[in-house]
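Heads up, the thing below is written out as structure tokens.
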Amino acid sequence: MQLKEMMEEICSRWNLPQNYIKFLNEHADNVYINMNDNKEEEDDFFSYENEIELYGAKGLLVGQHGYSYNPVQKAVVEDWNPNYLVIANCNADPYCIDVSLDNSPVYYAPHGTGTWDFTKDSESLEEFFDFLGI
């Protein structure tokens, strides 16, 4: 599927903020950002422990698997907020935006706790991108 077709599919599913559509148009592939605190250690030892995977256009649909969609059962996950779109993850902990809001904060929740307890990670997508250096 070409980028134009992917973007048509994505935009037909969700009402996305313009800055996220711009990001997806510029990044077909996922973007990986290592968030290790100690930059000196990073030169000697690379760790994926704090790597954020920000979904590009090719990865956004599949990025919903295990959160809002169960690909094994081919079913929507009932206890997932249908307005939450997973835009990134760090060790399977999702970062989401609320597509029902014009300027959504970015929310974060740890996985594996039995319930999704989201907290605000960033006030906006712009702030999240700035933090990641995008």
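The values are calculated or read from the model by the stated rules, or taken from the named source; none is laboratory data. No experiment lies behind these values; they were computed from the predicted model shown. Every residue, glycine as well, gets a Cβ built from its backbone with ideal geometry; the counts of neighbours run over all protein chains shown.
Of the conditions (1) without any contact (Cβ under 8 Å) to a residue 60 or more places away in the chain; (2) buried (at least 16 other Cβ atoms within 10 Å of the Cβ); (3) among the β-branched types (Val, Ile, Thr), Ile87 satisfies every one except a single condition; which number is it?
Only one criterion in (1) without any contact (Cβ under 8 Å) to a residue 60 or more places away in the chain; (2) buried (at least 16 other Cβ atoms within 10 Å of the Cβ); (3) among the β-branched types (Val, Ile, Thr) is unmet by Ile87, namely (1).
Is it the case that region 47-56 has a residue that's hydroxyl-bearing (Ser, Thr, Tyr), at pLDDT 95 or above, part of a strand (DSSP E or B) and within 18 Å of Ile87 (Cα to Cα)?
The answer is no; no qualifying residue exists.
Condition check: at pLDDT 95 or above, part of a loop (DSSP other than H, G, I, E, B) and in contact with a Ser or Thr (Cβ under 8 Å, 6 or more places away or on another chain). Does Pro110 satisfy that?
No.
Could you give every pair whose Cβ atoms fall below 7 Å, whose first residue belongs to region 18-34 and is under 17 Å from Val62 (Cα atoms) and of a type in the set (Val, Ile, Thr), and whose second residue is modelled with pLDDT of 95 or more and assigned to a loop (DSSP other than H, G, I, E, B), counting only separations of at least 6 or pairs across chains?
If the second residue must be modelled with pLDDT of 95 or more and assigned to a loop (DSSP other than H, G, I, E, B), the pairs left are Val31/Gly56.
Any residue at all in region 124-132 that's assigned to a helix (DSSP H, G or I) and aliphatic (A, V, I, L, M)?
yes
Quickly run through region 92-106 and pick out the residues that are within 12 Å of the chain's Cα centre (by Cα) and either free of Cβ contacts under 8 Å to residues at least 60 places away in the same chain or in a loop (DSSP other than H, G, I, E, B) (or both).
Ala92, Asp93, Pro94, Tyr95, Cys96, Asp98, Val106, listed by residue number.
Hey, could you check region 116-134 for residues that are touching a residue at least 24 places away in the same chain (Cβ under 8 Å) and more than 13 Å from Pro17 (Cβ to Cβ) and say which is surrounded by the fewest Cβ atoms within 10 Å (Cβ to Cβ)?
Gly133
Yes or no: region 66-84 includes at least one residue that is in contact (Cβ under 8 Å) with a residue 40 or more places away in the chain, over 18 Å from Pro17 (Cα atoms) and either among the polar types (S, T, N, Q) or in contact with a strand residue (DSSP E or B) (Cβ under 6 Å, 6 or more places away or on another chain) (or both).
No: zero hits.
Out of the residues in region 1-12 that are free of Cβ contacts under 8 Å to residues at least 24 places away in the same chain and under 14 Å from Leu85 (Cα atoms), which is nearest to the chain's Cα centre (by Cα)?
So, considering only residues that are free of Cβ contacts under 8 Å to residues at least 24 places away in the same chain and under 14 Å from Leu85 (Cα atoms), the one nearest to the chain's Cα centre (by Cα) is Cys11.
Out of the residues in region 18-38 meeting the condition of being more than 15 Å from Tyr55 (Cα to Cα) and of a type outside the set (S, T, N, Q), tell me which one is surrounded by the fewest Cβ atoms within 10 Å (Cβ to Cβ).
Once the filter is applied, the top-ranked residue is Asp37.
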